[in-house]
1. Tell me which residues come under 5 Å, amide H to amide H, from residue 117 once H is placed; ignore anything under 5 positions away on its chain.
2. For a Förster distance of 41 Å, can you work out the FRET efficiency between the beta-carbons of residue 7 and residue 50, rounded to the nearest 0.05?
3. Short version: ³J(HN,Hα) in whole Hz for each residue of the range 105-111, in order, from phi by Karplus 6.51 cos²θ - 1.76 cosθ + 1.60 (θ = phi - 60°), x for Gly and Pro, what are they?
4. Starting at the first residue of the range 145-152, write each ³J(HN,Hα) from the Karplus equation 6.51 cos²θ - 1.76 cosθ + 1.60 with θ = phi - 60°, in whole Hz, x for Gly and Pro.
5. Label residue 20 and residue 275 with points 7 Å out from Cα along Cα→Cβ: what is the distance between them in nm?
6. Once the principal axes of the Cα atoms of the range 66-167 are found, what is the range along each, listed largest first in whole angstroms?
7. Taking θ = phi - 60°, what integer Hz values does the Karplus form 6.51 cos²θ - 1.76 cosθ + 1.60 yield along the range 186-200, in sequence order, with x for Gly and Pro?
8. Could you tell me which residue out of 162, 189, 10 lies farthest along the dipole of the chain toward its positive end? Charges go on the beta carbon: Lys and Arg +1, Asp and Glu -1, centred on the Cα centre.
Amino acid sequence: GSPVCECNTCFGGPDCSQFSASCVADVDSGDPLFLEPFWMQHAASSAVLVAGWHRMSYSFNDHSSISQELVKLIRKLHAIVGNANTTGRFIVFGAGSTQLLNAAVHALSAHNSSAPAKVVATIPFYPVYKSQTDFFRSVDFQFAGDTSLWKNSTSDPTSNLIEFVTAPNNPDGKLNKAVLQGPNAKPIYDHAYYWPHFTPIPAPADEDLMIFTISKLTGHAGSRFGWALIKDKDVYETMSNYMSLNTLGVSRDTQLRAFQLLKVVTQRRGREIFEFGYKTMKDRWEKLNKALLMSRRFSVQENSPQYCTFSGKVKRPSPGDFSISSRIKTF
Ligand code: PMP
């Protein structure tokens, strides 16, 4: 049967379209459950049944710590969506993109340098870049704040800079580009949100190190599955080694589930999930904008429309996160 619509506290009525002025919304953090109704509609084709005897081994026992079928499907997915060039790229899997973010920092920092690499990100940035880098801080790398502080250090041969570039950005949805340029500046592109639910896709991303995740693509944040597309062989090997030492690879049950989900995603060239995802996000943005229009205190960022090669239309972004600015003046 069709899933029942459950209204949140801000909307009521039979189709959840009636706005209640006294609503309270928790906007501190989110969970991509907006895709749950899509998966309810595809319950049978997305289901996974695993027999008890299946794939019991440590992955090193049969040379397949990474499912090559899943690698092929990921390449096909990017080709369909047109959001990343996978040609000449190695692929590493991670327990979500979170594990890959630190694997990338580890791989891009020099391991024999006298000073730790400086890890930077442009404000406003996803806070985990700082908290995770601080937590794993080592002789090889440390978090060093906002990118702009280091703009003049890119030609200093003693300073190794690693820049997190988030496109679209969490929290403001902007398609950021690396700020630091030069031989000592190494970007890590976090493309968690570079999918047509959230943003127009102007062109395939073509960077040296790009990180993706199913968390924001299919909504399966709990399965913990992400992947990195890596141009440089040494970086690929260092990141693979990190995965082996840290967790001995990604759970095969997770890989199997990711495979089944991506098979559904790639059906009909992605039309179904991305149409559903885009429409749902767009409707939510319309509701949010309507709610905030009633406020004299708060406003939300405006994102300008762009041509989307996936849909063939000019579209406004509908980001998964947002920043609210307060118009309260302090005197
Ligand atoms: N990058 C960004 C920009 C995010 O917003 C998130 C989740 N909030 C992640 C990475 C982590 O995602 P995961 O580990 O679930 O793949």
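Bear in mind these aren't lab numbers, they're just calculated from the coordinates by the rules spelled out. Not measured: the values here are computed from a predicted model. All Cβ positions, even for glycine, are placed from backbone atoms using ideal geometry, and neighbour counts span all protein chains on display.
1. 110, 141, 142
2. Efficiency at R0 = 41 Å is approximately 0.70.
3. 3J(HN,Hα) across the range 105-111, in whole Hz: 4, 4, 6, 8, 8, 6, 9.
4. Each residue's phi maps through the Karplus curve to give x, 6, 3, 4, 5, 10, 4, 8 Hz.
5. Distance between the two pseudo-spin positions: 3.3 nm.
6. Principal extents (largest minus smallest coordinate, Cα): 41, 26, 26 Å.
7. Residue by residue, the range 186-200 yields 10, x, 10, 8, 9, 9, 3, 9, 8, 9, x, 4, 10, 8, x Hz.
8. It is 10.
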